[in-house]
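The next block holds one structure in the form of C-alpha cells; read it before the comments.
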Amino acid sequence: MTNLSPLQIERLKYQPKLPSSLENGINHLVLQEGSATEAVADKEEIKNLFKNTYGKPTVTFQTSADSIHSEARNVGVILSGGQAPGGHNVIAGLYDALKQANPNNQLYGFLGGPSGIIDGKYVEFNDQFINDYRNTGGFDIIGSGRTKLETEEQFRDALATCQKLNISAVVIIGGDDSNTNAALLAEWFVANNANIQVIGCPKTIDGDLKNEQIEISFGFDTATKTYAELIGNIERDANSAKKYWHFVKIMGRSASHVALEAALQTQPNITMISEEVEQKKMSLEQVVNYMTDIIVKRANVGKNFGIAVIPEGLIEFIPEMKSMIANLNDIMASLETDPSFLGATTIREKFDIVENRLDAENAKVYASLPALIKGQLLADRDPHGNVQVSKIETEKLLIEMITERLNQLKTQGEFIGKFSAQSHFFGYEGRCAFPSNFDADYCYSLGFNAFALINFGLTGYLSSVRNLTEPASDWVAGGVPLTMMMNMEKRHGEMKPVIKKALVELDGPVFKKLESNREDWAINDRYLFPGAIQYFGPSSVCDITTVTLQLESEAKQLTGAVR
C-alpha cells in the first residue's frame, strides 16, 4: 500500500487483543456444548426448513494444555451487505487462526460479496496482502455486495466454485439477511453431502443483529462514536452561535439503536425513536406538534437553537405514513405504464393523479406533504418497485412542517421566537471509519473464533464473543446456531425464514435512560462533546464500549443478582 497517513501507519502496528481462551492458540482449545436450541418463533416451520442444522447446541471454547492436530484445509470468506468498521480485522483474525492451525492452510476472498462465490471471482490471501489492511476501515480488501444466496442454481454455482478451489468451509460476514443466507447455504451443503461448512459473523452498524448470545454486532461501536463526535461538534456550534436548530437524520432504517446510542453520548434536545412512535401510533401531525412544542418552550426562555436527532426510518414507523407508502407501492406499477401519468407535463399533475388513485385516507396524507417529499416518494424506487425510504429527506420534511406550524402559532401570538433550521444526514460518514480499539479487538476475535468453529467441524453457526464490557481477556468465545435466531416473515409476498431483527426495547434499560432525561435535556443544554475516537492513551478513554452495551450489561447483572 502507498500513500499511508501517519495514523494508518501506526494503526497497522496495533495487535488486537483476544479472549484468554483463544490467546493460548487455536490448537489448544476444547469445545464445550450447551443445551439444544430452538428458533425464537415459528419453531416447527423453521425445523422443517432446516432438517439438518436445526436444534444444535450453543458452544463455548476453553483453553487446553493438550494440542490437537489440524489438517490442512482451504477456507473462503465473503463480505456481504453494507460496510461496517472492523470487517478487515475479521478477515485478519480468520487468516491468523487459519495459518496458526496449519501453515499450509489457504484463505480465499470472494470479490464483490456473495456474487463472488457464485461467479468464481476470488483472490488468495498472503501475509503481505492481509498486513496492508489490518485495523483499517472499509471493505475494500475484497469489496462487498447485496446478492442473496437463496436459489438452487446459486447454491450449485457456489458448490462448483468451492470444489474448484478445494474449499471445505465458507465464512460469511454480514447482517441479519446475510446470515439468513448463510443458514440456507449451510443447510443445502449438508443436505447435498457437500462436506462444506458455513460460519457467519455478526455485522451491521444498525445494531439490530443481537440477542442473549450476540451482545453487539460489529461496527456499531465505531459508527455511533463517529456520529456522536459529529453531533457533539454541531452542539458546540449551536451553543456558540445560538441561532440555529439542527435536524440530524442518522442511519437506522429498521431500528433506532444508532439514534438512541448517539443521543445518549451527546444528550441533544430532541430524540425521536421510531419504535416509540409506532407503539404510540403517533400521526405525522403529532410528531410535528411534539417537536414544535419543545422549540416553542426553548424560545420562550430565549433559546432559539437546539439539536434534534431523527432515525432514518422514522417515516415508515408512523402508522399513517406506513399505510400510505404501502398503498403507493401497490399502485406505482400500474402508474409506470399509465398514459395519463407518463404524459403529465408538470409534477403537480402527477401528484393529482397519484392522489386520485390512493385510498381516501392515504390520499389525504399524501396531499398534506410538502412538494419536495411528494416528489421523492414518486422518484427513486428499488428493484422491487418500492419507495426507497432511506432517500426520503425526513429531516427536511419535519423542518418544513414545523416551520408552517410555527408560522400559525406566530399569527396566533403563541410564538414570539425565531426559527432557522439546518439539516444534516449522517450515514456513510460512519460506515468505513477507522475501527475503534473495541471494534478492532472484537472483530479480530470474531474472525479468530470463526476458524475455531470450523476446526471443530461445526456448520450453520454464528461466531459469538460475549462478556464484552469486561477486559478482552475475559471475553467468552463460542458459537450460536443460526437457526436459533430465526422466525418466519413475509418478504415480497412470501413467508420466508429470516433472522429476527432486534428493535429498540421500550421497556429496556437503554430507552429508559433516554426517557428519564428527555424533559431535562429538552430545555436545559446538557450537551456532551465526545470528541474523536481515541486509539492511544488510557484504557478508560480508548477501550470504552457504547452506552447501550454498558446499560444492557448492568441490567443483565442486576437481573441475575435478583434471581
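The values are calculated or read from the model by the stated rules, or taken from the named source; none is laboratory data. Quick caveat, the model's predicted, so the values are computed rather than measured. All Cβ positions, glycine included, derive from the backbone under ideal geometry; neighbour counts span all protein chains shown.
Which one is surrounded by the most Cβ atoms within 10 Å (Cβ to Cβ), of the residues in the range 99-115 that are of a type in the set (A, V, I, L, M) and without any contact (Cβ under 8 Å) to a residue 60 or more places away in the chain? Only one residue tops the list, namely LEU107. If VAL170 passes every condition in (1) closer than 30 Å to LEU12 by Cβ; (2) part of a loop (DSSP other than H, G, I, E, B); (3) β-branched (Val, Ile, Thr) but one, which one does it miss? The one condition VAL170 does not meet is (2).
Is it fair to say ALA182 is part of a helix (DSSP H, G or I), assigned by TED's automatic domain parsing to the domain that holds VAL75 and in contact with a helix residue (DSSP H, G or I) (Cβ under 9 Å, 6 or more places away or on another chain)? Before you say what the answer is, go through the steps one by one.
Values: part of a helix (DSSP H, G or I): yes; assigned by TED's automatic domain parsing to the domain that holds VAL75: yes; in contact with a helix residue (DSSP H, G or I) (Cβ under 9 Å, 6 or more places away or on another chain): yes.
It is true that ALA182 is part of a helix (DSSP H, G or I), assigned by TED's automatic domain parsing to the domain that holds VAL75 and in contact with a helix residue (DSSP H, G or I) (Cβ under 9 Å, 6 or more places away or on another chain).
Annotation: GLU45 fulfils all but one of (1) part of a loop (DSSP other than H, G, I, E, B); (2) surrounded by fewer than 17 Cβ atoms within 10 Å (Cβ to Cβ); the unmet one is (1).
If you filter the range 182-201 down to residues that are of a type in the set (S, T, N, Q) and either touching a strand residue (DSSP E or B) at 6+ places or on another chain (Cβ under 9 Å) or closer than 16 Å to ILE214 by Cα (or both), you find that the one that is surrounded by the most Cβ atoms within 10 Å (Cβ to Cβ) is GLN197. Number of residues in the range 216-259 that are over 13 Å from the mean Cα position of the chain (by Cα) and in contact (Cβ under 8 Å) with a residue 40 or more places away in the chain: the value is 23.
Helices (runs of 4 or more DSSP H) wholly in the range 78-150 with at least 1 residues that are within 24 Å of GLY207 (Cβ to Cβ) and in contact with a Phe, Trp or Tyr (Cβ under 9 Å, 6 or more places away or on another chain) - which ones?
Output list reads 87-101.
Would it be correct to say that GLY447 is in a strand (DSSP E or B) and at pLDDT 95 or above? Taking the combined requirement at face value, the residue does not satisfy it.
Number of residues in the range 127-181 that are touching a strand residue (DSSP E or B) at 6+ places or on another chain (Cβ under 9 Å) and not small (Gly, Ala, Ser): the value is 21.
To keep it simple, each residue is scored yes or no on (1) part of a helix (DSSP H, G or I); (2) surrounded by 16 or more Cβ atoms within 10 Å (Cβ to Cβ); (3) touching a helix residue (DSSP H, G or I) at 6+ places or on another chain (Cβ under 7 Å).
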| site | (1), (2), (3) |
| --- | --- |
| ASP352 | yes, no, no |
| VAL365 | yes, yes, yes |
| GLY375 | yes, no, yes |
| SER390 | yes, yes, no |
| MET401 | yes, yes, yes |
| GLN408 | yes, no, no |
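Would you mind stating whether VAL170 is under 30 Å from GLY252 (Cα atoms) and either modelled with pLDDT under 95 or of a type in the set (A, V, I, L, M) (or both)? Spelling it out, VAL170 is indeed under 30 Å from GLY252 (Cα atoms) and either modelled with pLDDT under 95 or of a type in the set (A, V, I, L, M) (or both).
Filtering SER420, SER516 for residues that are in the same structural domain as GLN279 (by TED's automatic domain parsing), more than 28 Å from TYR95 (Cα to Cα) and at pLDDT 95 or above leaves a single hit, SER420. For ALA452, the conditions (1) at pLDDT below 95; (2) part of a helix (DSSP H, G or I) are fulfilled apart from (1). Quick check: anything in the range 56-70 part of a loop (DSSP other than H, G, I, E, B), touching a strand residue (DSSP E or B) at 6+ places or on another chain (Cβ under 7 Å) and either buried (at least 17 other Cβ atoms within 10 Å of the Cβ) or at pLDDT 95 or above (or both)? Yes, the range 56-70 contains at least one residue that is part of a loop (DSSP other than H, G, I, E, B), touching a strand residue (DSSP E or B) at 6+ places or on another chain (Cβ under 7 Å) and either buried (at least 17 other Cβ atoms within 10 Å of the Cβ) or at pLDDT 95 or above (or both). Exactly one residue among ALA308, ALA326, ALA371 is surrounded by fewer than 17 Cβ atoms within 10 Å (Cβ to Cβ) and within 28 Å of ASN407 (Cβ to Cβ), and that residue is ALA371. Whenever a residue of the range 116-140 is in contact (Cβ under 8 Å) with a residue 60 or more places away in the chain and closer than 19 Å to GLY82 by Cβ, its partners that are surrounded by 15 or more Cβ atoms within 10 Å (Cβ to Cβ) and among the small types (Gly, Ala, Ser), lying with C-beta atoms within less than 6 angstrom and at least six residues away or across chains, give the pairs GLY137/ALA433; PHE139/GLY87.
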